[in-house]
1. Condition test on Glu489, is it touching a residue at least 24 places away in the same chain (Cβ under 8 Å), within 28 Å of Ala78 (Cα to Cα) and surrounded by 14 or more Cβ atoms within 10 Å (Cβ to Cβ)?
2. Just checking, which of Ala152, Ala143, Ala159 is within 28 Å of the chain's Cα centre (by Cα) and not assigned by TED's automatic domain parsing to the domain that holds Gly211?
3. Looking only at residues that are within 19 Å of Ile285 (Cβ to Cβ) and touching a helix residue (DSSP H, G or I) at 6+ places or on another chain (Cβ under 6 Å) in segment 214-252, which one is surrounded by the fewest Cβ atoms within 10 Å (Cβ to Cβ)?
4. With assigned to a loop (DSSP other than H, G, I, E, B), modelled with pLDDT of 95 or more and in contact with a helix residue (DSSP H, G or I) (Cβ under 7 Å, 6 or more places away or on another chain) as the only criterion, which of Asp323, Asp378, Asp340 stands out?
5. So Met350 passes all but one of these: (1) crowded, with 22+ Cβ neighbours inside 10 Å; (2) assigned by TED's automatic domain parsing to the domain that holds Pro177; (3) among the hydrophobic types (A, V, I, L, M, F, W, C). Which condition number does it fail?
6. Inspect segment 240-253 for any residue being in a loop (DSSP other than H, G, I, E, B), of a type in the set (Asp, Glu) and farther than 21 Å from Arg102 by Cα and give the result as yes or no.
7. Would you tally the residues in segment 82-96 being in contact (Cβ under 8 Å) with a residue 24 or more places away in the chain and either of a type in the set (D, E, K, R) or out of contact with any Asp or Glu (no Cβ under 7 Å at 6 or more places or on another chain) (or both)?
8. Take the residues in segment 257-282 that are among the charged types (D, E, K, R) and at pLDDT 95 or above; name whichever of them is farthest from the chain's Cα centre (by Cα).
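The values are calculated or read from the model by the stated rules, or taken from the named source; none is laboratory data. Everything numeric in this text was worked out from a predicted model, so none of it was measured. Positions of Cβ are generated from backbone atoms using ideal geometry, with glycine treated the same way; all protein chains shown enter the neighbour counts.
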Amino acid sequence: MAETAAAATSPITPERDTYDVIVIGGGPPGEIAAQYAIQGSDRTAVIVEHELLGGECSYWACMPSKALLRPIEVLEAARHMPGVKSIVGDHSLDAQAVLQRRDSFTSDHDESGQVQWAHDTGIDVLKGHGRLAGVKSVEVTSADGFIRTLTARHAVVLATGTTATVPDIPGLRDALPWTSRDVTNIHEIPRRMAVVGGGVVACESACWLDGLGVDELTIIGSAPLLLARNEPFAGELVADAFRANGVRVELSTSVDAVQRVDPKATGEGRVHGGEVTVSFGDRSITVDEIVVATGRTPSSSDIGLDVVGVDAAGNRGFVKTDDHLAVIGVPGDWLYAVGDITGRALLTHMGKYQARICGAVIAARATGEPIDGPRFTDVADDGKVPQVTFTDPQVASVGISEKQARADGVDVEIIEHDMAGYAGSSLLRDGYVGRAKLVVDRGSDTLLGATFVGADVAELVHAATVAVIGGVTVEQLWHVVPSYPTLSEIWLKLLEARTTSS
């Protein structure tokens with residue numbers, strides 16, 4: 001239905017085969033790169049997309065996952081608030097209402113609104129699989145096998161993203177496991193589930209699966225901690241919360257084999273057959289469904305990179321770019337890449353950031369303007385990336401961890417403080433649990449990284465990001481007065497902890 005709607009409203013005509021900008025991939029980075037490349041001008045752009053315009057974020061990742069997580073946060077906050085928890089009692093979520101609200105945020109996988117936005121912005125949409133066919137040339141193969149060749153006057157942008165990785169574990173692929181697409185678009189709630197992985201997708205998925213009513217839930221992670229790329233206390237606090245809710249957490253172990261009774265391709269978010277036996281170490285469990293959340297694979301194997309002399313195999317399939325987002329090794333500054341395919345930062349907001357820079361660079365080069373200003377250069381991907389994991393407790397961080405800084409040989413000062421026990425956190429909920437940590441470059445007295453763990457800490461990370469990007473010194477932070485009583489008081493607590501320890 002979505003593709004029919006797109007075809008009905010698309011302004012593209014068979015006669016038009018030349019554009020100023022061609023974008024392969026219609027997720028948020030591709031959309032924004034096209035928008036910024038042509039806005040305020042008479043330049044033309046087309047987005048080539050073989051699935052739904054809006055991409056992974058709109059239908060299978062950011063939007064559905066956060067729609068599933070928000071009701072869990074609200075219920076958990078109510079359970080920690082006198083005067084409210086007596087009303088809530090031991091009631092669980094209305095799972096069907098949560099799923100219906102999730103579907104409203106994905107527009108029931110109807111892309112017509114996204115297509116209309118593109119048309120209103122002056123961007124054409126062409127459905128099909130796009131691949132490079134030569135310099136500034138793109139072949140588009142439609143679902144019925146028809147091939148068209150498009151030509152770009154100025155630029156081609158690769159924005160094909162990534163897909164979920166399914167490891168080569170005996171029996172796993174044959175078992176037709178759920179990936180991130182299934183778990184965000186869950187339609188049946190199994191009684192017993194296993195989540196393989198310990199990163200962001202695994203932890204967020206486990207959080208909403210538990211909240212939606214999965215009776216027996218097990219997380220199996222190969223690393224010693226959940227969220228292993230964060231500061232160690234982040235994974236520890238999240239694991240503690242899972243265990244307190246009855247979720248089994250198995251760490252430092254790998255799945256050895258998977259066996260499923262009568263696997264069936266029943267559709268996205270539906271149980272894919274009979275019981276699943278998951279073996280790890282000297283143990284095994286039997287579940288009704290298994291979720292694989294072990295990483296992402298770049299969608300670069302069939303986009304014609306070899307035609308233009310780009311070898312991504314040596315970079316694990318990711319496409320290397322310079323800080324203007326031009327693909328390295330391709331002369332002429334006509335080929336660009338943005339979003340997950342670059343491997344710089346596999347986050348939607350960072351892909352959109354890259355796209356704004358890329359679009360601005362394309363527009364400037366199209367008119368012969370210089371690109372030496374700050375808005376034309378990607379600097380945030382260089383160890384200054386912000387991220388929020390929307391578990392309960394939330395994990396919000398920016399920059400690099402203490403471990404990363406020390407591995408880089410930086411002389412660092414560490415400042416930590418409990419997030420419980422001050423007015424802002426105490427008023428937010430009873431029994432607040434959390435911690436904050438700053439990683440400071442001792443030589444320059446500036447922040448290299450910051451991590452906050454606790455309820456609602458997502459709103460703290462932008463201030464930390466401003467400090468990291470802006471090179472704000474810790475001494476200057478004394479004059480950045482936090483509002484009372486808010487979670488932001490943690491900044492003052494951290495500064496006071498530094499003074500006490502010095």
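1. The answer is yes for Glu489.
2. Ala159
3. The residue in question is Asn245.
4. Result: Asp378 is the single residue among Asp323, Asp378, Asp340 that is assigned to a loop (DSSP other than H, G, I, E, B), modelled with pLDDT of 95 or more and in contact with a helix residue (DSSP H, G or I) (Cβ under 7 Å, 6 or more places away or on another chain).
5. The number of the failed condition is (2).
6. no
7. The total comes to 3.
8. Asp262
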